[in-house]
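Student: Got a structure for you, questions after.
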Amino acid sequence: MSNTAWENLVKKQLKTDDIYPILKKENLEGIDVKPFYGSVQKPLVNLPKIEESTHLVARYHESLEEDVFAFLLDHNVENLEQKTIFVNNVDLAGHISPKEEDQYFSLIDVFDEKEAVINDQLVKELLAKEFKRNVCVDISLHQNAGAAIYQQLGIALAKTKELVEVYGPEILNKLIFRIAVGGNYFFEMAKLRAFKIIFNQFSKEYNLDEIPYIFAETSLRNKAVSDSENNLIRSTLELASAMIGGADAVFSNNYLVDRSTDNSEEISFKQQIVLAYESIINVFEDASNGSYYVEDVTKQIAEKSWAFFVEIEENGGYLELLKQEIIQKEIYDHAVQEQKWVEEGKIKLIGVNLYPTLEVKKSVEELYNEKEIKAVRWAEMFE
């Protein structure tokens with residue numbers, strides 16, 4: 001069907017000549033989403049990832065030792081051989097001395113968001129370790145606090161710039177980016193792809209050609225305490241977004257939210273196993289490349305994220321704007337608007353504001369603070 005024939009058919013069905021205002025889907029990201037795509041200008045080449053196959057990361061549990069190859073570790077475990085380890089505890093990181101054949105990654109954020117400083121001693125200690133990736137730039141907090149996608153990526157670059165200014169551009173291939181993946185399925189694919197583009201562009205400013213190592217985890221923001229089954233479905237889709245978007249490692253936070261059981265930890269990991277071994281989406285270099293929609297959204301997010309990064313730099317950099325509480329206010333403004341959309345039903349959360357069983361119990365003002373970046377789940381308003 002030609003574009004004209006399609007338009008005429010839709011005009012007839014909608015009984016109007018002006019179909020585009022009706023078909024236009026509004027979003028808080030400021031991304032222009034078309035009702036249909038027939039092409040894309042300047043198609044992107046395949047965007048690479050560092051790991052050939054996505055690491056499927058489980059929180060360590062003794063029962064998983066034989067079957068799992070990558071663990072998120074909060075405490076010391078003896079004799080974990082031939083495993084990929086993502087260290088999630090600052091004291092543990094200080095005591096670990098990896099052997100040459102070990103694969104260790106640090107997931108410890110070296111930025112103190114409340115004090116608006118880099119923990120210099122921690123950075124130096126981590127850089128002295130024989131880790132595959134020594135320094136974590138964590139923007140999962142920002143996603144869970146309600147930051148827009150372009151804000152998350154702009155902040156990731158701004159934090160990277162702060163590190164480069166102190167430790168030099170050679171730190172770029174020692175970084176790992178911890179990113180929370182939300183429920184906007186295609187936008188989240190585009191988010192990871194856009195970050196690869198802008199990080200690579202940033203590295204070229206230093207005559208390098210680097211791509212980011214991305215550790216993607218499921219979001220807490222759209223999870224509800226009383227809806228564990230729905231949480232499980234949401235986090236499965238988020239994992240799929242991360243894998244298709246080209247994450248190097250994926251991790252599923254416990255879908256029970258406020259508690260953890262051996263069974264829930266096992267199921268959280270098995271979500272990844274089913275996706276990886278039955279859908280086989282963890283081995284593609286850039287599975288969504290060629291989708292006109294994803295390509296277009298990727299480019300728009302990349303442009304908006306780069307512009308936000310430039311804005312941060314022109315106003316003094318990430319740490320300076322944290323001290324002035326400007327970053328906090330930017331995130332707050334978007335988070336509050338997003339929460340209002342949840343309250344109004346524009347953002348749908350099954351079992352919470354669509355087919356709800358709960359009433360509003362907390363106001364937006366109770367949930368958010370314009371001077372603090374803190375994680376807030378949408379469903380807290382109703383709990």
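The values are calculated or read from the model by the stated rules, or taken from the named source; none is laboratory data. All values derive from a computational prediction rather than experimental measurement. No Cβ is skipped: glycine too gets one built from the backbone with ideal geometry, and neighbour counts run over all protein chains shown. Please note that ligands, DNA and RNA were not included when accessible areas were found on the heavy atoms of the full protein model with its side chains. Shrake-Rupley method; radii C 1.70, N 1.55, O 1.52, S 1.80 Å.
Student: Please find, among 268, 260, the residue that is under 20 Å from residue 71 (Cβ atoms) and free of Cβ contacts under 8 Å to residues at least 12 places away in the same chain. Break it down into steps so the answer makes sense when it comes.
Tutor: Details: 268 fails: free of Cβ contacts under 8 Å to residues at least 12 places away in the same chain.
Exactly one residue qualifies, and that residue is 260.
Student: While we're looking at this one, here's another question. Could you tell me how many of the residues in the range 73-89 are more than 22 Å from the chain's Cα centre (by Cα) and among the hydrophobic types (A, V, I, L, M, F, W, C)? Walk me through how you get there before you give the answer.
Tutor: The first filter runs over the range 73-89 and keeps only residues more than 22 Å from the chain's Cα centre (by Cα), leaving 75-83.
Retained after the next criterion (residues that are among the hydrophobic types (A, V, I, L, M, F, W, C)): 77, 80.
Within the range 73-89, residues that are more than 22 Å from the chain's Cα centre (by Cα) and among the hydrophobic types (A, V, I, L, M, F, W, C) number 2.
Student: Can residue 264 be described as hydroxyl-bearing (Ser, Thr, Tyr), at pLDDT 90 or above and open to solvent by less than 50 Å² (accessible area, probe 1.4 Å)?
Tutor: no
Student: Something else: Suppose we keep only residues that are closer than 26 Å to residue 330 by Cβ and open to solvent by 80 Å² or more (accessible area, probe 1.4 Å) within the range 11-28. Which one would you say is farthest from the chain's Cα centre (by Cα)?
Tutor: Among those residues, the one meeting the criterion is 24.
Student: Could you say which residue among 93, 70 is among the hydrophobic types (A, V, I, L, M, F, W, C), under 24 Å from the mean Cα position of the chain (by Cα) and modelled with pLDDT under 90?
Tutor: Working: 70 fails: modelled with pLDDT under 90.
Within the list 93, 70, the selection yields 93.
Student: Assuming residue 360 fulfils every condition listed in (1) in contact with a Ser or Thr (Cβ under 7 Å, 6 or more places away or on another chain); (2) free of Cβ contacts under 8 Å to residues at least 60 places away in the same chain apart from one, which condition is it?
Tutor: Failing condition for residue 360: (1).
Student: Looking at the range 2-18, which of its residues are in a loop (DSSP other than H, G, I, E, B) and either at positive phi or modelled with pLDDT of 85 or more (or both)?
Tutor: 15, 16, 17, 18
Student: Shifting gears a bit: Can you name every one of the strands (runs of 3 or more DSSP E) wholly within the range 135-242 that holds 2 or more residues which are within 16 Å of the chain's Cα centre (by Cα), of a type outside the set (Val, Ile, Thr) and buried (at least 24 other Cβ atoms within 10 Å of the Cβ)?
Tutor: Of the strands (runs of 3 or more DSSP E) lying wholly inside the range 135-242, those with at least 2 residues that are within 16 Å of the chain's Cα centre (by Cα), of a type outside the set (Val, Ile, Thr) and buried (at least 24 other Cβ atoms within 10 Å of the Cβ) span 175-181, 214-218.
Student: Which of (1) touching a residue at least 24 places away in the same chain (Cβ under 8 Å); (2) β-branched (Val, Ile, Thr); (3) open to solvent by 70 Å² or more (accessible area, probe 1.4 Å) does residue 31 not meet, given it meets every other one?
Tutor: Of everything listed in (1) touching a residue at least 24 places away in the same chain (Cβ under 8 Å); (2) β-branched (Val, Ile, Thr); (3) open to solvent by 70 Å² or more (accessible area, probe 1.4 Å), residue 31 misses just condition (3).
Student: Confirm whether residue 87 is at pLDDT 90 or above and in contact with a helix residue (DSSP H, G or I) (Cβ under 8 Å, 6 or more places away or on another chain). Steps first, answer last, please.
Tutor: Details: at pLDDT 90 or above: yes; in contact with a helix residue (DSSP H, G or I) (Cβ under 8 Å, 6 or more places away or on another chain): yes.
So residue 87 fits the description; yes.
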